[in-house]
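Nothing in this text is a laboratory measurement; each read-out follows from the coordinates by a stated rule. In this text the structure is predicted, and so the values were computed from the model without any measurement. For neighbour counting, all protein chains shown are included, and Cβ atoms are generated from backbone atoms with ideal geometry for every residue, glycine included.
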Amino acid sequence: MDSALETSLRELTDIQRQAVKWEDGPLLVLAGPGSGKTRVLTCRIARLLESTREQRFRILALTFTNKAAHEMANRVTRFAPGLEGRADINTFHGFCAQVLRQHGVHLGIKPNFAIYSRTSDRQAVLADALRRNPRRFGRNDQHLLPVIDALKARLVGPGQVTPRIARRNGASPHETNRVVRAYRLYEDELHRTNALDFNSLILKAYELFGYPAMAQHYQTVYRYWLVDEFQDTNGAQYTLLRRMAGEDFHQLFAVADDDQTIYEWNGANVHRIRKLVDDFSCRVVQLPTNFRCPPHIVEAANRLVVYNARRAAWKQPAQPSPHAHRGKIERRVFETDEKEMAGIAAEIACLDDVARAQTAILARTRALLESMREALDAAGVSATILIRRDDFASPEMRWLVTCLKQIARPLDQRNMATLVETFGSFAALPLDFNELTSRAAADGVTLMSVWTHTAREAQLPSPAAEVVSAVSSLAAGDTKLSPTVREILGHFENHDPHDDLKDDLCAWRRIEREVRAVNGFASLDRLLQELEMRSKEPVPVPGTVSLATIHGAKGLEFDTVYLIGMAEEILPSWHSLRKQNGSAALEEERRGCFVAITRTKRRLILSRARQYKGWPKQPSRFLEEMGFLNDGSDGPSQ
Amino acid sequence: MHITRIEIRNFRSIRHLIVDFGETTIFVGPNNAGKTAILDALRIALTRRWGRRGTGFNEYDIHLPNDAVDPKTSSGVIIDLRTEESEPGEWPAAILEDLADIVQVDISSTNRRSVALRTRYAWSEEAGDFEPSWEFLDAKRQPLVGRSARRVNLERFWRYLPVFYLGALRDVGDDFSPRSQFWGRLLKALEIPAGLESRALRVLDLLNRRLLKADTRLRKIAKTLSGATRISARDREGGLDLRMVPLKMWDLISRAEVILRNEPDSPWLPLRRQGQGIQSLSIIFLFQAFVDHVLRELYEPDSEPVLALEEPETHLHPQAARTLWRHVRALPGQKIVTTHSPYFVQHVPFRDLRLVRLTPNGTEVRSLPASFSASIPPLDGLEAVVANSTGRLSYERLSQTLTVHGALEEQLYRRLLRCCGHHERRSDLVKTLKNLRDRSSRFIEDDALRSLETCARRMRGEIFFAERWLMVEGQADYLIVHALAHAMRYNLDEHGVSVIDAQNNGSPATFAMLARALGIPWLGVFDDDDGGREHIRSIQNRGFDAAELARRCRTHPDGDLEAQLVADGLEPELRETLAALNVSVGQDEGELLHRLRSHKTAYAAALAARLRGDLDLAQRAPEAFQAAIEQLRGLT
């Protein structure tokens, strides 16, 4: 009997197989929506592993989301069981964190560093940092944070900031010296607290690979590199990749679709694909067949995307698969946005659970989705918004995370304040933060131990009493991390959790599964690092409709897709239209529309209203570009 | 991949110890000094017998300063093992790939790759027991976390450094048994083609039948024994038969044994019937066969064995022990050897030797290193001094280690002092630098060691086993000192004193330096003539201060040995001695001295023989010798 890998290899098209078996140096695979790129990537990794069973080199695969990494890792494990340990499948940030854990010592980074991914954390770091120089800096200097963020995102260290660079990153040139000073203080503060922010992960790894011995070591160990969704690579990530590869590394395999570049605002750039081809002398293979979408949609997408003037000429038009579902495109027009939401909610209310689970409503903005959810609620339809969550939604889980952080870093006062505050939101404990610090100082014990002591004496109701007791024995070192966390989750679970808490418990389990799959057992420091890098959204409840922004829908597919708000100044956005037609921003909107419609496996519904928030809006130009003439034939008004 | 360094804390007799390893490292020292503890620390850290229980450690392994200390409160055993490339690119790609999660890259200066493993054994409150644990370390010796902490890394690391132990009590019965570590695994690795196997078994069956028929009693015996199957009766009938020859292929192969004969005409005899020396030797060569033929099949193509070998010289006569060194050095992989044989040590290069001694601070190890290190923070200007030192200094930024290759010259030392400037810990740093200079002054150049190699080979085996050295000028002094000590009831051998006739074996100054470097207490007695004064001057030039010199060195106040003996009133005895030697000499004292000097060894031997039993004569012997022998008691 064939192995899963052999079966999968046999099912590939010739051109897919060519990409999987490619051995002749750098290759760029241009892969449109539904062209089976994930399958090509995973088959390639599995095949490389299978055909080199006796060898020990590793394979590096970089993705843009933890979800994609997790999914890819699962498939590789299925295709090449027992060999998956040699495949390092990670996000750019995850990979950099791993490099820094092992080699950061050269830059003065301790392996158990904390990661700050949230703006609020970085703001607090900057505030603490600036307090060290009160003569020069005051409360109003928080506006320097976006400047520092922007500089770091471009791999500019404090020593390299010139007036010109400062201006390009949002500061006025005469402020340059202040920016440099604040940036230095900020970096010192991170170093002092053994923390790295998200941009530091890339920047510090970039510094480390500036040492040729380090880059060479990684080239030796990781003999093949694969980059998924290369079109989303920003300047920093690409520069890092180039530095890692040096002059000599050639086994680079990138998969990209320039038509799906929707992260230009984050530094992605449609020209970067061209640059990759030039810099690495890549050969190019195209996977034009769209196995996902019905022929009508493939054609509409082809018609739409040629309006992008900056698009590379090399791209072949997508072709529908002969086996694709016939499918159809429907249009809806409503008088007002309220009616649009209500009308679509009513349509979906008629679907059964199975159909709902395979239905998505996509929109340009989060705000539209929120109104949509309200309309669905009113129609009695449950829905999940698929959106990255930087933090847990419930105070209970936020409290648990702060407890773990406090155990890892007992001196962190700011975290302790959050701990007290979050606990206060679900259990009444008469203890304020100032009292806590003064008692800890007086008794010469940790903040955490004063808090647990007070909380244990306070005769709290269930489950607060149980979870406090569990946390305090973990803090005392009497119990182990993973059973204790499991016990605490159990207490929350068994005491009639509210919706946010249910979501969070579900999200925690997903994260735990993902982390375990990569790391086996995770230590406390490691668990905290992973938590910080991962989204805390729950797994969608079966039978619910998915709501997603276009960005959030990237990489997903559904039987039925509603794309709502197909009006000028909505999609394309008002912001993009302020610039001339043909501007980069408008092209990015068009690619957004392209991404949205190509999520569809069967049925696509394009919907618009004649007015939004009371303002009349014209039909989206993309409707016409896709070939739907605006002569009123886009359906009767409802 | 070799082990380059081990740092041991709180293990048996060891409080704190750092030992550097080369490809071959020889430990020399008295019994119970801690040689085996070092070998065991290495084995435990590298051996894969690590269950929850029954690890290589037990709670008696924790070094305790005294009886009152509870091992539960001790920080426990800590063994840091380090392996580092000797130059960048030494390690094959497979090692770097396989150990990618734990390899460290030095990017600051050397570009060498390394791996550091820390093994601990301490009381665990959580487990309620003494627990072993391990972690890999980064370049600053902080534990690596995350993926690097996965156990699979430990398993892999062990596979590249398989450690094998051959104890002092080698026994061919054990080491050539089918379950032994080398022989057994060699036999198990044998591949017999299926065709040959089935043919061999057919032949054996046939042979078995013939043998059974040869004596009719065999059948009857079988019949009697089959009563057993009837008693343990089951529903279906079993059977019982006799087997005169092996039944299975493994039964046959596992009986393989080594036979040999010493002369073409002697009978072949099994190894276990040979002399102890041959038996012991054959086990060492068995290790070589194992490494050559199956090691890389069982481990990795790039595995390098580590052989911990105790007393390879066991049961060998001196010449054999001497040549054994050459064979041990030629063994594959890294060799770590303990020995009690001066003959074995005779050919070991000085820098490969480690002298192990038990002191009030626990086990200590002395060697003749080529470089000396100290911990110094990255001072202003330090890198520049290092850069302009023409390779005499090197600095490792991460571990903050300053290393001086050879002795630290005064000028360079002054430049380093200047770097301390107004540093807040200036006085500590100056102390550290001074200590570094002092330690490095014990450096012995390769040239000096080479001259010892040629001159002192005969005695160098012995002196490394001595606890104290007494340096004298020549052989006559040697003979007389031995006899005198006997008469004074101070047995030199019993007290581990080596008397070194320095003149015949190189220069006294080199021996003095060697003694200082190896921490061996020493005294010297020299003539008060040009030669003797020159010896003392040359010792002084090696950085011994006047007070120490005065404490350790004496001279015969009346000139050379003969002049001293005459001045001490031994003239009658000397004349009798010469007469007994048929040397005629007139009444002139000058002639007497002349005759004595020209029959130096002969008169000294004869005089020594008289000295041994004559306490009265001994009391008149040269004061410098008597005082030195007295001082040897309790000398430090």
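Taking the Cα-to-Cβ direction at A:R578 and at B:Y490 and moving 7 Å from each Cα, how far apart do the two end points lie in nm?
10.0
Classify segment B:185-256 as rounded, prolate or oblate, taking a ≥ b ≥ c as the square roots of the eigenvalues of its Cα gyration tensor: rounded when a/c is under 1.5, otherwise prolate if a/b is larger than b/c and oblate if not.
It is prolate, given that a/c is not under 1.5 and a/b is the larger ratio.
Given the Cα-Cα distance of B:Q319 and B:S451 and 0.36 nm per residue of separation, how much length would full extension add, in nm?
45.2 nm
By per-residue mean of other Cβ atoms within 10 Å, what is the highest-first order of A:156-169, B:470-483?
B:470-483, A:156-169
Enumerate by residue number the GluC sites (Glu not before Pro) in segment A:6-109 meeting two conditions: DSSP loop (anything except H, G, I, E, B), and at most 16 other Cβ atoms within 10 Å of the site's Cβ.
Sites meeting the loop and neighbour criteria: A:E23, A:E54.
For peptide B:577-586, how many partner chain Cβ atoms fall within 10 Å of a residue's Cβ, on average?
Other-chain Cβ atoms within 10 Å of each residue's Cβ, averaged: 0.
Which whole number gives the average count of other chain Cβ atoms within 10 Å of the Cβ atoms across peptide B:101-114?
If you average over the peptide's residues, the count of other-chain Cβ atoms is 4.
Work out the mean other chain Cβ neighbour count within 10 Å for the residues of A:207-216 and drop it here as an integer.
Across the residues of A:207-216, the mean count of other-chain Cβ atoms within 10 Å is 3.
Greater than 27 Å separation of Cα atoms is the criterion. Which listed pairs, A:K328/A:K502; B:K220/B:K248; B:K72/B:K431; A:K67/A:K339, meet it?
Pairs exceeding the cut-off: A:K328/A:K502; B:K72/B:K431; A:K67/A:K339.
Once both labels are modelled 7 Å past Cα along the beta-carbon direction, what's the A:V306-B:A200 spacing in nm?
Taking the simple label geometry, A:V306 and B:A200 are separated by 7.7 nm.
Restricting the count to DSSP beta bridges whose residues both fall in chain B, what percent are antiparallel, rounded to a multiple of 5?
60
Give the aspartates and glutamates whose C-alpha is closer than 14 Å to that of A:K579, dropping any in the same chain fewer than 8 places away, or say none.
Answer for A:K579, where 14 Å is the Cα cut-off: A:E568, A:E569, A:E587, A:E588, A:E589, listed by chain and number.
Hey, can you grab everything whose amide H is under 5 Å from the amide H of B:W522? Only 5+ residues off in sequence or another chain; H modelled, so Pro and N-termini drop out.
Correct list: B:W469.
Is the shape of segment B:370-440 rounded, prolate or oblate, going by the alpha carbon gyration tensor and its root eigenvalues a ≥ b ≥ c, with a/c under 1.5 for rounded and a/b larger than b/c for prolate?
rounded
Within segment B:376-535, what percent of beta bridges assigned by DSSP are antiparallel, to the nearest 5?
35
If you take the square roots of the eigenvalues of the alpha-carbon gyration tensor of chain B and sort them as a ≥ b ≥ c, do you get rounded (a/c under 1.5), prolate (a/b over b/c) or oblate?
oblate
Give the cross-link partners of B:K140 among the aspartates and glutamates, using a straight C-alpha distance below 15 Å as the criterion and excluding same-chain residues fewer than 8 apart.
Candidates past the 8-residue exclusion: B:E7, B:D80, B:E84, B:D106, B:E396.
Could you list, in their original order, any pairs among A:K152/A:K315; A:K275/A:K617; A:K37/A:K275; A:K37/A:K480; A:K110/A:K536 whose Cα atoms are separated by more than 32 Å?
A:K152/A:K315; A:K275/A:K617; A:K37/A:K480
Straight-line reach from B:K223: which lysines have Cα under 20 Å away, leaving out those fewer than 8 places along the same chain?
B:K213
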